[in-house]
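Below you'll find the structure, written out as structure tokens, and then a few comments.
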Amino acid sequence: MIIQSKAYKIAIIGDSLSVGGAERVHARLSEYFVANNHQVFNCIFLDSVTYKNSGELFNLGKIHKNSNPITRKISRFIKLKQFVEKNQFDVIIDFRMRNVFVQEFLISNLIYKKKAIFSVRSGVLNYYFPKSSFLSKLIYKNKKIVAVSSAVKDKIIQEKFAQNVTYIYNPIDFEEIIKLKEEFIPETQNYILAAGRMNNDIKQFDQLIIAYSKSNLPQKAIDLVFLGEGKNQEKYIQLAKNLGLENRVKFLGYQENPFPYYKNAIFTVLSSKNEGFPNVLIESLAVETPVVSFDCFSGPNEIIQHGENGILVDNQDFEKLSQAMNTFIEDTKLYKNCKSNAKLSIKHLETETIGQLWLDLFKK
């Protein structure tokens, strides 16, 4: 544990503390900061908490929960302003999606003022910035931006959305994972794994099912298992039935502890249109399960060393994705090499290292 000479009073502002990758990072950082003697306040806009976290919770999601949207937004804005003014934080980290210009302009300039660090968690920049660089600068002028990957940082600068930009990768808690991965043994065996929300088509799980159907895996009785849920799940289930794969493609829903599934998978596969810095890849590697992923924007090529800890597939080439699945099953030497290197390849992402990078940023 690294003890700092200065104890910071930190507010971490997020959408929630459940389900998503950004939310998991928020929770992990709260634990790290508290363990290193800093005072943490977790402020969330949605009343949803499932991830283990540390510090005090300020839940805006409970304020006027059933009121009309305008009343709710105004009430929460006022409460957030009072919360920030009362506590006089040394630093505020904003993990939220920020795609409503007027709201974000007011929060940035009337509430956060000069103390905020804005985190950008995805390669889809319109989740965080107006399309106009002029409007973006009205929100982020003189504010620090922390991107989730080097590629996202470069794109923000290229689009002239902000100038004061750096990047810090997502942390991984190896100590916690060592315990979680042994909590149970999944009933399903002999499978590859995919994980993520099913509320939109960014993960392209339908195309992944088709790519799997064209691979040799179904004939080898190797299943495709999905973790996650959302409105598109029924569509994916029906697609699997149409392909005659209802007994091979399995949907296990959202899992609070996904690590036993990662650990017992042959490999994890990512087929997204775009990412930020995908936790699904680093969490799989943390339990020594290699990965197959599109070289999409952004993150996978900053995690995967092709042929060393996984297979990096030409972006959006689903035929090559099918071939990569076959390769990992058939090329035993390559697979064993990637599996043996998996955990060590992300050692630089352990929570102590990433947490210290955040603390170093506070000093500046």
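The values are calculated or read from the model by the stated rules, or taken from the named source; none is laboratory data. Everything numeric in this text was worked out from a predicted model, so none of it was measured. FYI the Cβ positions are ideal-geometry reconstructions off the backbone, even for glycines, and counts take in every protein chain you see.
Within the span defined as the range 154-176, one or more residues are touching a Leu at 6+ places or on another chain (Cβ under 7 Å), closer than 28 Å to PRO300 by Cα and among the basic types (Lys, Arg).
Assigned to a strand (DSSP E or B) and within 25 Å of LYS364 (Cβ to Cβ): which single residue out of ILE107, ILE92 fits that description? Give the derivation first.
Values: ILE107 fails: assigned to a strand (DSSP E or B).
Testing whether each residue is assigned to a strand (DSSP E or B) and within 25 Å of LYS364 (Cβ to Cβ) leaves just ILE92.
Taking the range 276-306 as the range and being surrounded by 22 or more Cβ atoms within 10 Å (Cβ to Cβ) and of a type in the set (Phe, Trp, Tyr) as the test, the residues that pass are PHE277, PHE294. Considering (1) farther than 29 Å from ASN274 by Cβ; (2) at pLDDT 95 or above; (3) surrounded by fewer than 20 Cβ atoms within 10 Å (Cβ to Cβ), the lone condition that HIS38 does not fulfil carries the number (3). For beta carbons closer than 9 Å, sequence separation of 6+ or different chains, a first residue in the range 343-364 that is more than 22 Å from ASN164 (Cα to Cα) and a second that is basic (Lys, Arg) and surrounded by 17 or more Cβ atoms within 10 Å (Cβ to Cβ), the qualifying pairs are THR351/ARG28.
Here is a yes/no grid of residues against (1) farther than 30 Å from TYR254 by Cα; (2) touching a residue at least 60 places away in the same chain (Cβ under 8 Å); (3) touching a helix residue (DSSP H, G or I) at 6+ places or on another chain (Cβ under 6 Å); (4) not assigned by TED's automatic domain parsing to the domain that holds PHE259:
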position	(1), (2), (3), (4)
TYR32	no, yes, yes, yes
ALA35	no, no, no, yes
SER48	no, no, no, yes
GLY61	no, no, no, yes
ARG76	no, no, yes, yes
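May I ask you to verify whether ILE237 is under 30 Å from LYS320 (Cβ atoms), outside the structural domain of PHE118 (by TED's automatic domain parsing), in a helix (DSSP H, G or I) and not small (Gly, Ala, Ser)? Criteria met by ILE237. Scanning the range 307-337 for residues that are of a type outside the set (Gly, Ala, Ser), buried (at least 19 other Cβ atoms within 10 Å of the Cβ) and touching a residue at least 60 places away in the same chain (Cβ under 8 Å) turns up LEU321, MET325, PHE328. Considering only residues in the range 159-213 that are surrounded by 18 or more Cβ atoms within 10 Å (Cβ to Cβ) and of a type in the set (S, T, N, Q), the one that is nearest to LYS52 (Cα to Cα) turns out to be ASN170.
In summary, ILE185 fulfils each of the numbered conditions (1) more than 18 Å from the chain's Cα centre (by Cα); (2) free of Cβ contacts under 8 Å to residues at least 60 places away in the same chain with the single exception of condition (2).
Evaluate the following for ASN337: is it under 16 Å from the mean Cα position of the chain (by Cα) and outside the structural domain of VAL25 (by TED's automatic domain parsing)?
Working: under 16 Å from the mean Cα position of the chain (by Cα): no; outside the structural domain of VAL25 (by TED's automatic domain parsing): yes.
Criteria not met by ASN337.
Of the residues making up the range 182-239, those that are out of contact with any strand residue (DSSP E or B) (no Cβ under 9 Å at 6 or more places or on another chain), within 17 Å of ASN257 (Cβ to Cβ) and of a type outside the set (D, E, K, R) are PHE184, ILE185. Among helices (runs of 4 or more DSSP H) entirely within the range 311-364, having at least 1 residues that are touching a helix residue (DSSP H, G or I) at 6+ places or on another chain (Cβ under 7 Å), β-branched (Val, Ile, Thr) and at pLDDT 95 or above singles out 318-330, 351-363. Among strands (runs of 3 or more DSSP E) entirely within the range 135-229, having at least 3 residues that are within 30 Å of GLU330 (Cβ to Cβ) singles out 191-195, 223-227.
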